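One structure is given below, encoded as structure tokens.
Bear in mind that the values in this text are calculations on the coordinates, not laboratory data. Predicted model, so just to flag it, every value in this text is computed and none were measured. Don't worry about glycine lacking a Cβ; one is built from the backbone with ideal geometry, like all the others, and counts go over all protein chains shown.
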Amino acid sequence: MPRFVNPFELPGKWYKGNFHAHTRTSDGALWPQEVVQCYREHGFDIIALTDHEHTNDIRGLSDDKTLVINGMEAHPPFPERRGNYHLAVLNLPHSFPISRRSQQDVQSCLDQVARVGGLSILAHPRELSMDISEFGGLKHLPGSEVWTALSEGDGNCGSSEREWAEAMEHGVFLSAIGSDDVHWAPRHGLREAYAGWPWLKMRSLTVANVLKAIRTGACYASAGPTIHDFRVADGKVKLSCSMAAWIDFKAGPDQRRRRVAPAGKTIRSFNIDVPDWPFVRAVVTDAAGKQAWANPLRL
Ligand SMILES: [Zn+2]
Ligand SMILES: [Zn+2]
């Protein structure tokens, strides 16, 4: 069962992050300082730059309110088919050299990142048509994108909830991360910017706290809705959130409870008696179809 904490019961403050962004140092359209400025102006507290197999010089980009993290999108090959993993990697030293071996083997890559204090997130598994057998057994992979705005805009495959949930059913609990995979390239328009993010519950804005929040599940993913509370108390599973069209509690494939708002109205909470499930996770959907995904709670 989950090693996760419940962020809604932790002390601290919610911080908004962007853990997947490209700049002109790979195939993005803006320079690192421009990307940071855009996200800062849109209320993001944490901004990771994750160019393809390339790190950036982030000196001077953080300030009192905005934490900039050096990262990379790494692409070790799939072992059994054509194509590559996409790993959004956080907290790498500048000019981090991906070894030749890591470029050929996904576990070597994850291990190499972990050795230097970095953290890897599985990027857009739905877009890559990934199967649980390709990532369920990997070590040093504590999170997965459940929403990737660029994938939605490019191929209506933004939601990776299915892959994330399937892993859970196999006992693999990955922190839910929302992301933009922003490029600002003309071919994409601007539609992927500010369209998916994680909220992290932390005592203060430091890189160590960001990595800890992802590793322990002290976070949730959103493409719009805000989850105010989600907990098990007094024999109930309880959730409160911003205005929603429906709210789902889920575990396995046949374990699902849904509350739907009456026609033309919205709901802001859902409470049920604790079901006979091993865990419960929540998905909030608003009237525009935007969703938020809470990590599982142990029952
Ligand atoms: Zn990618
Ligand atoms: Zn990317």
Once you charge only the Cβ atoms, +1 for Lys and Arg and -1 for Asp and Glu, what is the size of the charge dipole of region 110-171 about its Cα centre, to the nearest 20 debye? 300
Output for region 124-168: trypsin sites (Lys or Arg not before Pro) sitting in coil per DSSP, at most 12 other Cβ within 10 Å, listed by number, reads K139
19 Å cut-off, amide nitrogen to a point 7 angstrom out along R59 Cα→Cβ, residues in region 80-97: 91-97
Comparing R257, R215, R81 in a Gaussian network model of the chain (Cα, 10 Å), the one with the largest mean-square fluctuation is R81
Determine the dipole magnitude for the chain: charges of +1 sit on the beta-carbon of Lys and Arg, -1 on that of Asp and Glu, nothing else is charged, the reference point is the Cα centre, and the result goes in debye to the nearest 20. 840
H124 long-range amide H proximity, modeled H, under 5 Å: E145
Please compute the contact order of the chain in relative form: average sequence separation of alpha-carbon pairs under 8 Å and at least six residues apart, divided by the residue count, as a percent. 17
Taking the Cα atoms of region 1-121, what is the range of coordinates along each of the three principal axes, in descending order and whole Å? 42, 42, 24
With x for Gly and Pro, the residue-by-residue ³J(HN,Hα) of region 238-255, computed from phi through the Karplus equation 6.51 cos²θ - 1.76 cosθ + 1.60 at θ = phi - 60° and given in whole Hz, is 10, 9, 10, 7, 5, 4, 10, 8, 7, 10, 10, 10, 9, 9, x, x, 9, 10
Using the Cα centre of region 227-298 as origin and beta-carbon charges of +1 (Lys, Arg) and -1 (Asp, Glu), tell me which of P296, A245, F279 is placed farthest towards the positive end of the dipole. A245
Listed residues V35, F173, P93: farthest to the positive end of the dipole of region 7-221 (Cβ charges): P93
Rg and Dmax of the chain, Cα atoms, in Å? 18.4, 57
Per-residue Cβ neighbour rank within 10 angstrom, fewest leading, M130, M243: M243, M130
What distance in nm separates the simple spin-label points at R162 and V274, each placed 7 Å from Cα in the Cβ direction? 3.3
Placing each pseudo-label 7 Å from Cα in the direction of the beta carbon, I132 and S204 end up separated by a distance in nanometres of 4.1
So how do C157, C109 line up by other beta-carbon neighbours within 10 Å, fewest first? C157, C109
Residues A263 and R115, FRET efficiency given R0 of 45 Å [Cβ-Cβ distance, rounded to 0.05]: 0.25
